[in-house]
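Right, one structure below, let's go through it.
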Amino acid sequence: AATAEADEGLPAPGSQVLAPETAFLVTDILADPVARQPAFGDNSPLAISRPAAVKTGTTSDWRDNWTVGYTRYLVAGVWAGNSDGRPMRNASGITGAAPIWHTFMEAVLARPDLLARLGVPENADWQFVPPPGLVQGEVCPPGVSCRAGGEYFRASWLEAAGDAGPLAGSVVRVPAAPVYAQRADQTYLAGFCGLEGAAERTALALTTLQPPTPVEVEPGGLLAFFTQASDTASGDVISDTAALEPPTVQEQHVRAWAVRYGAPVYLGRCDRLGEWLPAALALEPDERDSELRVVVDLAAAPNPELAGLSPDGGVPLEVVSQSLEAGVVAGGPYLLDGPILHNWACPGSYVMGQVLNRDGAPVAGVHVRLVDAWGNQAVAVSKSGPADYGMFDFPIYGDGPQNLVVTVVDEAGNPLSAEIVIPHKQDAASDTPCHHLVLRGG
């Protein structure tokens, strides 16, 4: 029944009314056809001839499903199920209720008489109009597809965020190494882990933080990982603390999702991933995890550019801590500069390479170690001759398939790079006598 408050345009007692800015932001999310594509495809029943915000739902036992959607002038909800409560046969919101919703909405939109009864003006603008208090900005988080023209933000949020910008709290800027996940023949970026001395990277935060600075969070929240909480909202580089609280369940779920599906998320300190990730994956076990291998690309850690890199310098998760303790990234690490090339351009079977400094100039006197599949080791020193300055080479003994491991070391044999695995006759690409690589660092 209508109340006096409702008649006067006021909310009824006990009702919940969204602020106009919040209502528009929710509507904008639900009406985004691009965001729906990964789950529903390009031509799902949720797409109609007018802009529409739509949400589906399905109970876990297939007993019910529904679709609720609205335009500026028309809202409709559809429930689908058996009248006696029996579960349906794998019918979801998109396959059960959504087609009914679509048919109803289009039928009404095609009837001028029904539109007139709804009070729709002639030549109506069906676009959802942002209210005052929202600002559209050309900014996009890493790994996220954003609309042309930019996303909408509350003006109050931008004022609170200050110089940190619209993404304050959603992203972190931290020295970090790439983390890759490998399953069968698929390799993808699973995120980044914090590493002192690595290149600074912008990554998605595990949990959302709130500006302005300083930010207070519960123990175990994202800021528990960092020494300078106030730097998060200012956009400065943040660094991990030595003492860490246990990760929250929410953070662990994000870690597991990123490793299974790939996302540029900051996963926490590299030397703690071996402890955190198995526990995160165990929260919701997946049989496919038995095929999952996670590596941290310590060799690429100093390189801020990910384009063209691969996990060739990857260190398995279970030995990351030992690698760090061994000094892999101490004293200025060397990294693989570009892909390993396989060809016939050498007089026999060789691993051939060159060492460059950070500016790209050849460097003599750098020790490089090669270990073959049988544990035989050889050390070469980059040359100083005018025709081969900075170059090194190793003959390959044994003609069968094997993996050769190259590491930059100091004079005492301590590693100055991650182990770089060079496949020899392991597949069609490496079925050649010669393998060439370039190492950069120092």
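Protection proxy ranking for 27-40, 375-388, using the average of other Cβ atoms within 10 Å per residue and placing the highest first: 27-40, 375-388. Would you work out what percent of the accessible area of the range 93-197, with all protein chains in place, is carbon or sulfur (probe 1.4 Å)? Reported share for carbon and sulfur atoms: 54 percent.
Here the Karplus relation 6.51 cos²θ - 1.76 cosθ + 1.60, evaluated at θ = phi - 60°, turns the backbone of the range 116-129 into coupling constants of 5, 5, 7, x, 6, x, 5, 6, 5, 8, 8, 5, 6, 9 Hz, with x for every Gly and Pro.
A simple packing score, the average count of other Cβ atoms within 10 Å per residue, orders the peptides 139-150, 161-172 as 161-172, 139-150, with the highest score first. Looking at the range 120-153, the GluC sites (Glu not before Pro) that sit in a DSSP loop and have at most 10 other Cβ atoms within 10 Å of their own Cβ are Glu122.
The values are calculated or read from the model by the stated rules, or taken from the named source; none is laboratory data. Given the structure is predicted, the values throughout are model-derived calculations rather than measurements. FYI the Cβ positions are ideal-geometry reconstructions off the backbone, even for glycines, and counts take in every protein chain you see. Accessible surface areas use protein heavy atoms only, side chains included; no ligands, DNA or RNA. Shrake-Rupley method; radii C 1.70, N 1.55, O 1.52, S 1.80 Å.
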